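One structure is given below, encoded as structure tokens.
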Amino acid sequence: MSTTSTQPDPVGKGGPDEPTVRELVERATHTYIARIQPRYLKDESAAVSELARLRRGAGKRAHEVQDLWGIGALENLAELLEGKTDFDRRKDAEEAVFLASTLWALHQQSRRDQNTHTRGKDLGGAVRALIRLKEPERADEEESTLRKRLVRVGTAESFQSVAVRLREIVMLLRTVPESLPLDYARLAGQLYRWQDRSARAGVQREWGREFHLAAKKKASATEKGDTIDPTLGADDDGTYAGYAAGE
């Protein structure tokens, strides 16, 4: 786990318009899942087998499951990072893509009529929706056990702990018949940033804002001052301006 980087997410030699590594992590994850997900919904045998392999890695580190070395998401990432010779956080990027992809496979298991990866569906919002379904009497209380699970993700001190605690949340998302999808590409970008201690607090605050903003949206989708911070606006990809790139 990298903890020393204090530099902004690097761009290559192509100039300031070139995607950041965080954006490439998200792209690699989304491209991979978007390719397999519709095939799984069609019950194609190759896609079903791929998800079965991926699920074995959910909550683990990329190097721990040799059968998953070279999965499509990591190959996508390797191609996107090709030529970034001055980049020293390649392992962090790989861990983020691997964890997000395997958690998606766990979430998608046996759901042949629902996309569990959907752009714009954030972690905090999914947990808030899960509380309303499983703990409606505690939907707005700090004592909600599901809220505490999200807090435990935010306060984890190691990437392994984050992986295990996210796996627990995904397992709970699978227990409800309603579709509670996640944007696993967005999650991958957050996991990449989390591994840099200088950006970690920003990711933690982002998860908290997702959770609280979901409550505001539920209360009134059109009420003035709907967001926690009125200066924040939703970006096209479902992130929030000022927090997507870390702090």
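The values are calculated or read from the model by the stated rules, or taken from the named source; none is laboratory data. These figures come from a predicted structure and were not determined experimentally. Quick reminder, even Gly has a Cβ in these numbers, built from the backbone with ideal geometry, and neighbours come from all protein chains shown. Just so you know, the surface numbers come from the protein's heavy atoms only, side chains and all, with ligands and any DNA or RNA stripped out. Shrake-Rupley method; radii C 1.70, N 1.55, O 1.52, S 1.80 Å.
Observations
- Given (1) in a helix (DSSP H, G or I); (2) out of contact with any Asp or Glu (no Cβ under 6 Å at 6 or more places or on another chain); (3) crowded, with 17+ Cβ neighbours inside 10 Å, number of the condition V164 does not satisfy: (3)
- Condition check for E79: closer than 15 Å to A28 by Cα and assigned to a helix (DSSP H, G or I): yes
- Test: R152 is outside any loop (DSSP other than H, G, I, E, B) and within 17 Å of the chain's Cα centre (by Cα): yes
- Residues within the range 120-136 that are within 12 Å of the chain's Cα centre (by Cα) and either surrounded by fewer than 17 Cβ atoms within 10 Å (Cβ to Cβ) or free of Cβ contacts under 8 Å to residues at least 12 places away in the same chain (or both), tallied: 1
- Being outside any helix (DSSP H, G or I) and closer than 21 Å to S161 by Cβ is a property that does not hold for K91.
- Taking residues in the range 179-190 that are closer than 14 Å to F211 by Cβ, and partners anywhere that are buried (at least 24 other Cβ atoms within 10 Å of the Cβ) and of a type in the set (S, T, Y), the pairs with Cβ atoms closer than 7 Å and at least 6 places apart or on different chains are L182/T116.
- Test for S144: is it surrounded by fewer than 15 Cβ atoms within 10 Å (Cβ to Cβ), hydroxyl-bearing (S, T, Y) and without any contact (Cβ under 8 Å) to a residue 40 or more places away in the chain: no
- Residues being over 23 Å from R112 (Cα atoms), assigned to a helix (DSSP H, G or I), open to solvent by 60 Å² or more (accessible area, probe 1.4 Å) and modelled with pLDDT under 95 - total across the range 25-66: 3
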